[in-house]
Amino acid sequence: MIYGKMWTVVRPQVGIPMFIAGVAIASFSVHLALTLNTTWVKNFLNGGAAKVAVAAPAAAAEPAKK
Amino acid sequence: MSDHDKVGPTGLTVAESEEIHRNLVQGTQIFGMIAALAHLLAFIYSPWLK
């Protein structure tokens with residue numbers, strides 16, 4: 001297996017937490033950047049899409065009431 | 001003394017090192033599959049990329 005011998009040189013107590021932390025930090029950064037730099041994530045988490053879907057038939061039905 | 005019994009600077013043999021590495025690779029593959037599934041669900045059920 002490629003790089004299989006690396007744990008004879010790098011202590012697993014150090015290397016494995018560093019690897020997991022690297023993955024976690026990279027993943028968190030990407031998702032944070034998405035929430036900070038786009039509008040649709042906030043709208044989606046606030047239920048913006050559902051409100052529009054519910055509001056549309058009500059708005060369409062409104063003229064019929066008059 | 002075969003290559004698999006050789007002890008490195010960390011005190012682990014090559015066989016032990018390869019066992020740890022196998023488990024780490026397998027864990028990474030399982031994590032990757034779960035992440036891929038989560039992204040597929042996010043793609044289907046959220047406005048992402050639409």
- Mind checking whether some residue in the stretch B:31-45 is exposed (fewer than 12 other Cβ atoms within 10 Å of the Cβ) and at the interface with another protein chain (Cβ under 9 Å from one of its Cβ atoms)? no
- Query: Just for the stretch B:12-27: of the residues that are under 10 Å from residue A:7 (Cβ atoms) and of a type outside the set (Ser, Thr, Tyr), which one is farthest from the other protein chains (Cβ to nearest Cβ)?
  - Reply: B:19
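Check B:15, B:38 and return the single one that is in a helix (DSSP H, G or I), under 22 Å from the mean Cα position of the chain (by Cα), at pLDDT 95 or above and more than 18 Å from residue A:10 (Cα to Cα).
Testing whether each residue is in a helix (DSSP H, G or I), under 22 Å from the mean Cα position of the chain (by Cα), at pLDDT 95 or above and more than 18 Å from residue A:10 (Cα to Cα) leaves just B:38.
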- Note on the structure: Exactly one of A:60, A:56 is exposed (fewer than 10 other Cβ atoms within 10 Å of the Cβ) and at pLDDT below 90, and that residue is A:60
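The values are calculated or read from the model by the stated rules, or taken from the named source; none is laboratory data. Everything numeric here is computed off the predicted structure, so don't read it as measured data. FYI the Cβ positions are ideal-geometry reconstructions off the backbone, even for glycines, and counts take in every protein chain you see.
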